[in-house]
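For reference, the structure discussed in these notes is given below.
Laboratory data are not the source of any read-out in this text; all were calculated from the coordinates shown. It should be emphasised that the depicted structure is a prediction, and the values quoted were computed from it without experimental measurement. Methodologically, a virtual Cβ is constructed for each residue, glycine included, from the backbone with ideal geometry; neighbour enumeration extends over all protein chains shown.
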Amino acid sequence: MATAEFTVHTTLSPSEVMAVITDFGPDRSRWWPNVDDAHFQVHGQGQGWAEVTEGTGMGWERERYSWDEVAGTVTIETLDSNLWAPGSGWRYEMVPAPEGTNLRVFLTRLPNSFKGKVIAALIPVAGPRALGKQFQSVLRRAESR
């Protein structure tokens, strides 16, 4: 099992960060570099949840997003993937901070393929920095909307 955690600061409010993470509209692939149109599909969505497939040609996963706006949390559970086994996922915590929000990110990966094992080996070493930059980029674009 590979894990990583990191925190990204943004000037967005916690509710604005929540909106960025839980926006499953047609522009999702424009905002998130690890999502392309060919690997994005919303299977179902309701109050506080969504089931989607997202990713790229390198790696995709079908996930169940669950969120609690009052608590400021989003949990993403992997249901199926070409790289990751069930039990993999993400957890986001939006913590109010001076002049914005600290987004705390927790990643857990259980590989189910050789490619997944290779990527999982890199996650503890390079994951926080690489993923932190990716999240920072997404949030900076949202700040400038």
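Restricting attention to region 61-76, does a residue exist that is under 18 Å from residue 101 (Cα atoms) and either in a helix (DSSP H, G or I) or acidic (Asp, Glu) (or both)?
yes
Please identify the pairs in which a residue from region 71-99 that is touching a residue at least 40 places away in the same chain (Cβ under 8 Å) has its Cβ atom under 7 Å from the Cβ atom of a residue that is surrounded by 14 or more Cβ atoms within 10 Å (Cβ to Cβ) and polar (S, T, N, Q), counting only partners at least 6 apart or on another chain.
From region 71-99, the pairs are 74/22; 92/73; 94/101; 95/101; 95/102.
Anything in region 83-98 that is more than 17 Å from residue 132 (Cβ to Cβ) and loosely packed, with under 15 Cβ neighbours inside 10 Å? List them, or say none.
86, 87, 96, 98
Between residues in region 39-52 that are free of Cβ contacts under 8 Å to residues at least 12 places away in the same chain and residues that are surrounded by 12 or more Cβ atoms within 10 Å (Cβ to Cβ), which pairs lie under 6 Å by C-beta distance while being six or more apart or on different chains?
The qualifying pairs are 44/51.
For region 107-125, how many residues meet the condition of being within 15 Å of residue 58 (Cβ to Cβ), surrounded by 17 or more Cβ atoms within 10 Å (Cβ to Cβ) and β-branched (Val, Ile, Thr)?
Final tally of qualifying residues: 2.
In region 24-50, which residues are part of a loop (DSSP other than H, G, I, E, B), among the charged types (D, E, K, R) and surrounded by 13 or more Cβ atoms within 10 Å (Cβ to Cβ)?
Of everything in region 24-50, just one residue is part of a loop (DSSP other than H, G, I, E, B), among the charged types (D, E, K, R) and surrounded by 13 or more Cβ atoms within 10 Å (Cβ to Cβ), namely 36.
Any chance region 10-18 includes a residue that's in contact with a helix residue (DSSP H, G or I) (Cβ under 9 Å, 6 or more places away or on another chain), surrounded by 14 or more Cβ atoms within 10 Å (Cβ to Cβ) and assigned to a helix (DSSP H, G or I)?
yes
I'm told residue 139 meets every condition in (1) out of contact with any strand residue (DSSP E or B) (no Cβ under 7 Å at 6 or more places or on another chain); (2) closer than 12 Å to residue 10 by Cβ except one. Can you identify the failing condition by its number?
Failed condition: (1).
Might you check whether a residue that is in contact with a helix residue (DSSP H, G or I) (Cβ under 7 Å, 6 or more places away or on another chain), under 21 Å from residue 21 (Cβ atoms) and not in a strand (DSSP E or B) occurs anywhere in region 104-126?
Taking every residue of region 104-126 in turn, none turns out to be in contact with a helix residue (DSSP H, G or I) (Cβ under 7 Å, 6 or more places away or on another chain), under 21 Å from residue 21 (Cβ atoms) and not in a strand (DSSP E or B).
Every residue in region 97-115 that is touching a Ser or Thr at 6+ places or on another chain (Cβ under 8 Å) and on the phi < 0 side of the Ramachandran plot, please.
Selection gives 101, 102, 103, 104, 105, 106, 107, 108, 109, 110, 112.
Cβ-Cβ under 6 Å, sequence separation 6+ or interchain: first residue in region 126-145 and in contact (Cβ under 8 Å) with a residue 60 or more places away in the chain and surrounded by 14 or more Cβ atoms within 10 Å (Cβ to Cβ), partner of a type in the set (Phe, Trp, Tyr) and part of a helix (DSSP H, G or I). Which pairs?
138/31
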